[in-house]
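The values are calculated or read from the model by the stated rules, or taken from the named source; none is laboratory data. Just so we're clear, the structure is a prediction, and the values are computed from it rather than from any experiment. All Cβ positions, even for glycine, are placed from backbone atoms using ideal geometry, and neighbour counts span all protein chains on display.
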Amino acid sequence: MKLTVDAVVFSYIENQLKVLLIKRAFDPCKGQLALAGGYVQEDETTEQAVLRKLKDETGVNLDYLEQLYTFSDVERDPRGRIVTVAYYGLIAPIKTEFTLNKHASDIGWYDVNDIFSYDLAFDHMKIINYALDRLRNKIQYEPIGFDLLPQYFTMTELWMLYCEILNNEIDRRNFIKKFKKFDLLKQVPFKNSTGNKGRKAQLYEFDEEKYLVAKREGFNFDI
């Protein structure tokens with residue numbers, strides 16, 4: 001039996017939740033879209049391996065990474081008995097700059113609502129679905145916007161992020177009222193110029209100290 005790692009990396013780009021995929025340059029599954037990943041070396045942990053493979057295959061360095069699940073279906077890989085430890089991560093689009101290596105003929109961000117029409121390699125669709133379920137559950141007990149939004153954002157942009165992740169139209173007024181109760185945001189002394197009817201919209205940033213406490217201790221965000 002051999003051990004591999006796979007990385008489900010999400011980003012929020014142009015108001016859409018995206019997942020990072022490579023196009024495989026070699027068999028098996030040559031030409032198919034797949035998650036970045038590969039074999040774990042004898043002298044490294046699975047977390048070290050997934051960070052190494054992400055860097056090698058895509059050039060991406062993650063700020064946030066969490067172990068997702070171990071996938072061990074007997075016939076999940078045509079190369080033989082291979083178990084994979086999957087991770088998922090979040091990254092702001094401004095922090096991504098791709099670099100190709102020999103294992104990938106292309107790299108890109110794919111809308112999570114569209115990827116189900118693609119024929120992904122191995123059991124990677126199953127892994128992505130698992131990661132999406134984890135993310136959708138997680139936002140109800142832990143803040144995640146810090147890793148996906150720009151430094152400064154409007155309340156509308158925060159609301160739209162949650163709507164996109166949950167694939168559901170959340171009541172905007174109720175969302176904003178509930179989120180403000182957590183006291184995780186700070187108003188900044190300037191506004192943007194994209195408000196409705198030409199009005200400038202108030203910008204916010206996360207209070208990093210309070211945000212980290214909320215991530216550590218959790219909260220109950222009944223959306």
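Being part of a loop (DSSP other than H, G, I, E, B) and β-branched (Val, Ile, Thr) is the filter here, so list the residues in region 28-59 that pass it. Give the steps one after another, and end with the answer.
Quick first cut of region 28-59, residues part of a loop (DSSP other than H, G, I, E, B) only: 28-32, 35, 40-45, 59.
Val40, Thr45 - these are the residues of region 28-59 that are part of a loop (DSSP other than H, G, I, E, B) and β-branched (Val, Ile, Thr).
Set side by side, the residues Leu68, Leu54, Leu33 differ, and just one is without any contact (Cβ under 8 Å) to a residue 60 or more places away in the chain, within 18 Å of Ile128 (Cα to Cα) and assigned by TED's automatic domain parsing to the domain that holds Ile82, which is Leu54. Evaluated against (1) part of a helix (DSSP H, G or I); (2) in the same structural domain as Val50 (by TED's automatic domain parsing); (3) touching a helix residue (DSSP H, G or I) at 6+ places or on another chain (Cβ under 6 Å), Trp159 falls short on exactly one condition, (2). Sort through Phe122, Phe179 and tell me the only one that's in a helix (DSSP H, G or I), surrounded by 15 or more Cβ atoms within 10 Å (Cβ to Cβ) and modelled with pLDDT of 90 or more. Selected residue: Phe179, the only one of Phe122, Phe179 that is in a helix (DSSP H, G or I), surrounded by 15 or more Cβ atoms within 10 Å (Cβ to Cβ) and modelled with pLDDT of 90 or more. Name the residues in region 52-72 that are farther than 15 Å from Ala92 by Cα, within 16 Å of the chain's Cα centre (by Cα) and acidic (Asp, Glu), would you? Glu66 - this is the single residue of region 52-72 that is farther than 15 Å from Ala92 by Cα, within 16 Å of the chain's Cα centre (by Cα) and acidic (Asp, Glu).
Among the residues making up region 139-194, a single one is without any contact (Cβ under 8 Å) to a residue 12 or more places away in the chain and among the small types (Gly, Ala, Ser): Ser193.
For region 66-89, state whether one or more residues are farther than 23 Å from Asn137 by Cα and part of a strand (DSSP E or B). For region 66-89, residues farther than 23 Å from Asn137 by Cα and part of a strand (DSSP E or B): present.
Per the conditions (1) β-branched (Val, Ile, Thr); (2) free of Cβ contacts under 8 Å to residues at least 24 places away in the same chain; (3) part of a strand (DSSP E or B), the sole criterion not satisfied by Ile107 is (2).
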